[in-house]
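For reference, the structure discussed in these notes is given below.
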Amino acid sequence: MKVESQAVIRVAHNSCPGTLSRIYLLGARRLPAWSAAAVLATCLALSAAAQSRRLDELLVEAERHIGQEQYAQAVATLERSRALAPRLPGIYKQLGYCHWKLGNFRQARLAFEKELELDPDAGYARYYLGRIHLTEGNPERAIALFESISRPEGLDLDYQLGTAYLEAGRLDAAIACLERAVRAAPGLQQARNSLVRAYGLAGRGDDARRELDRARELSARAQQSIRDLGQLENLLKANKPEQGAAIARDLARSDDPDLLVNVGMLLGR
């Protein structure tokens, strides 16, 4: 019994090298086996709780790094998170995104594939895997991934899928997707450029010219909006809200959600 007790306590100490296990190691080596087993169970529970708290801290830290666009630091933090919870969905999604932003497409692909292994319905992972394949010249594989996303909320899926169709030479499907993309986000210049190209390849010259004129108009308007935002910020800093109000009203008429968010942030300071 004594040997068994000491063996269990050694496991407890290795599992939870804290105060409780040290107390038993220093002063209670002759405990009966059932008491030593209780120590082990308690220490394992404490260790799991401490690990869970540490994991939460690391994930919060990673989110902060991502929010500040510190992707290399986020990768390091997420790797520590993965060491604590290698089967936790969500970690690999964030890890893949950070590698994507850093241009490490091989590491990004591996992370997103692992996320899909853990969560087969992870649309976010499918989306970025599709973008990686599209970047690497595999439009058909990208199309298969994009089409398999069941909940595309928050993703520019019509634009990405339309671009993949365009690269694959499937012009009718490309035009349908890209038209939806520019209706949903009129300020998405890349979608308009791709739509111009698709119209041209499909022999729809009039549509291509119309869309090109619209793209140029929106580009000029976007540049003016950037200048107006700068002027509004300067007026607010100079404590001249009355003069800034007229500019803010003009900017508020925009259908560009990013522009509206920027105006709101300036006014909310």
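FYI, it's all coordinate maths here, none of it is from the lab. Owing to the predicted nature of the structure, the values given are computational and were not obtained by experimental measurement. Cβ placement follows ideal geometry from the backbone for every residue including glycine, while neighbour counts extend to all protein chains displayed.
Structure notes:
- FRET efficiency estimate (nearest 0.05) - Cβ-Cβ, Ala48 to Arg141, R0 41 angstrom: 0.50
- Farthest toward the positive end of the dipole of segment 55-120, out of Tyr97, Ser81, Ile66, is the Cα of Tyr97, where the dipole comes from beta carbon charges about the Cα centre.
- Calculated FRET efficiency for the pair Ala168/Arg216, C-beta based, R₀ 22 Å, to 0.05: 0.20
- For segment 149-196, the set of GluC sites (Glu not before Pro) satisfying both a DSSP loop assignment and a count of at most 13 other C-beta atoms within 10 Å is given as Glu153.
- Among residues other than Leu134 with Cβ under 9 Å from its Cβ, the summed charge is 0 (Lys and Arg +1, Asp and Glu -1).
- Compared with the direct C-alpha span, the chain from Ala202 to Gln68 gains 44.0 nm at full extension, assuming 0.36 nm per residue.
- Its Cα gyration tensor gives segment 129-231 an equivalent ellipsoid, and the semi-axes of that ellipsoid, as √(5λ) in whole Å with the largest first, are 25, 18, 11.
- Neighbour counts of C-beta atoms inside 10 Å place Arg53, Arg126 in the sequence Arg53, Arg126, starting with the fewest.
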